[in-house]
Amino acid sequence: MKIVDYLKEDSIITNLKSTDKEGALKELIKLLEKNNYVKDGTKILETVMDREKLGSTGIGQGIAIPHAKTDQVNDITCALGISKNGVDFDSLDGEPVYIIFLVLAPTKSIGQHLKTLAKIARLLKDKVFRNSLKNCKTPSEALKIIKEDEEKLNNLT
């Protein structure tokens, strides 16, 4: 399983405009909706924000991995947002978020959803990877960095 199987170049924003959690999530969901990866973006935003009420998915070190199960997708669907100015995401460490990986899974998905979240978290543990991603100028550059790092990780296991 690879993140790049679920994250497409047209699902990446390298210059998020929003500086708050809901605004950033709206930008990412709108992009997925525009490219027909999701059905109803409004319902997805509601579901993701409900999940955020349980506890912030801003996990610290400038990272957030918002996620939800929804009947608005047929397969695991990801979007990536990179902010140059930072997003107030109510992170566990109180710091702004610069990398937001949105993960949506079909309601009946169990194992694959958790594996995807774990894989993203594992990639983002690496400070060099995070900094490279943060400095990306284009979606294709971001995708290339993710592909290369996934290959490195796979070679280690």
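Quick check, is residue 44 in contact (Cβ under 8 Å) with a residue 12 or more places away in the chain, assigned to a helix (DSSP H, G or I) and under 13 Å from residue 105 (Cα atoms)? Let's see the steps before the verdict.
Numbers: in contact (Cβ under 8 Å) with a residue 12 or more places away in the chain: yes; assigned to a helix (DSSP H, G or I): yes; under 13 Å from residue 105 (Cα atoms): yes.
Yes.
May I ask you to list the residues in region 20-46 that are more than 15 Å from residue 91 (Cα to Cα), out of contact with any Leu (no Cβ under 7 Å at 6 or more places or on another chain) and either of a type in the set (D, E, K, R) or surrounded by 20 or more Cβ atoms within 10 Å (Cβ to Cβ) (or both)?
30, 31, 32, 33, 34, 37, 39, 40, 43, 46
Which residue, of 86, 94, is without any contact (Cβ under 8 Å) to a residue 60 or more places away in the chain and surrounded by fewer than 16 Cβ atoms within 10 Å (Cβ to Cβ)? I'd like the intermediate steps shown before the answer.
On the way: 86 fails: without any contact (Cβ under 8 Å) to a residue 60 or more places away in the chain.
94 is the lone residue from the list that is without any contact (Cβ under 8 Å) to a residue 60 or more places away in the chain and surrounded by fewer than 16 Cβ atoms within 10 Å (Cβ to Cβ).
In region 138-152, is there at least one residue being among the acidic types (Asp, Glu), on the phi < 0 side of the Ramachandran plot, at pLDDT 95 or above and out of contact with any Pro (no Cβ under 8 Å at 6 or more places or on another chain)?
Narrowing region 138-152 to residues among the acidic types (Asp, Glu): 141, 148-151.
Those still in the list that are on the phi < 0 side of the Ramachandran plot too: 141, 148-151.
Now drop any that are not at pLDDT 95 or above, which leaves 141.
Next, from what is left, pick out any that are out of contact with any Pro (no Cβ under 8 Å at 6 or more places or on another chain): 141.
Among the residues of region 138-152, at least one is among the acidic types (Asp, Glu), on the phi < 0 side of the Ramachandran plot, at pLDDT 95 or above and out of contact with any Pro (no Cβ under 8 Å at 6 or more places or on another chain), which makes the answer yes.
With 91, 11 as the choices, which residue is in contact with a Phe, Trp or Tyr (Cβ under 7 Å, 6 or more places away or on another chain) and among the polar types (S, T, N, Q)? I'd like the intermediate steps shown before the answer.
On the way: 91 fails: in contact with a Phe, Trp or Tyr (Cβ under 7 Å, 6 or more places away or on another chain).
On inspection, the qualifying residue turns out to be 11.
Step by step: first the residues of region 141-153, then only those that are surrounded by fewer than 18 Cβ atoms within 10 Å (Cβ to Cβ), farther than 12 Å from residue 7 by Cβ and touching a residue at least 12 places away in the same chain (Cβ under 8 Å), then the one that is nearest to the chain's Cα centre (by Cα). Which residue is that?
Among residues in region 141-153 that are surrounded by fewer than 18 Cβ atoms within 10 Å (Cβ to Cβ), farther than 12 Å from residue 7 by Cβ and touching a residue at least 12 places away in the same chain (Cβ under 8 Å), the one nearest to the chain's Cα centre (by Cα) is 141.
Taking into account only those residues within region 47-65 that are assigned to a helix (DSSP H, G or I) and surrounded by 14 or more Cβ atoms within 10 Å (Cβ to Cβ), which is nearest to the chain's Cα centre (by Cα)? Reasoning before the result, please.
Step one: of region 47-65, the residues assigned to a helix (DSSP H, G or I) are 47-54.
Next, only the ones that are surrounded by 14 or more Cβ atoms within 10 Å (Cβ to Cβ) stay: 47-49, 51-52.
On the way: 47: 15, 48: 12, 49: 14, 51: 14, 52: 14 Å.
Filtering region 47-65 for residues that are assigned to a helix (DSSP H, G or I) and surrounded by 14 or more Cβ atoms within 10 Å (Cβ to Cβ), the one nearest to the chain's Cα centre (by Cα) comes out as 48.
Out of region 11-28, which residues are small (Gly, Ala, Ser) and out of contact with any Ser or Thr (no Cβ under 9 Å at 6 or more places or on another chain)? Don't jump to the end; show me each part of the working.
To start, the set of residues in region 11-28 that are small (Gly, Ala, Ser) comprises 11, 18, 23-24.
23 - this is the single residue of region 11-28 that is small (Gly, Ala, Ser) and out of contact with any Ser or Thr (no Cβ under 9 Å at 6 or more places or on another chain).
The values are calculated or read from the model by the stated rules, or taken from the named source; none is laboratory data. Every value quoted in this text rests on a predicted model; they were computed, and no experiment measured them. FYI the Cβ positions are ideal-geometry reconstructions off the backbone, even for glycines, and counts take in every protein chain you see.
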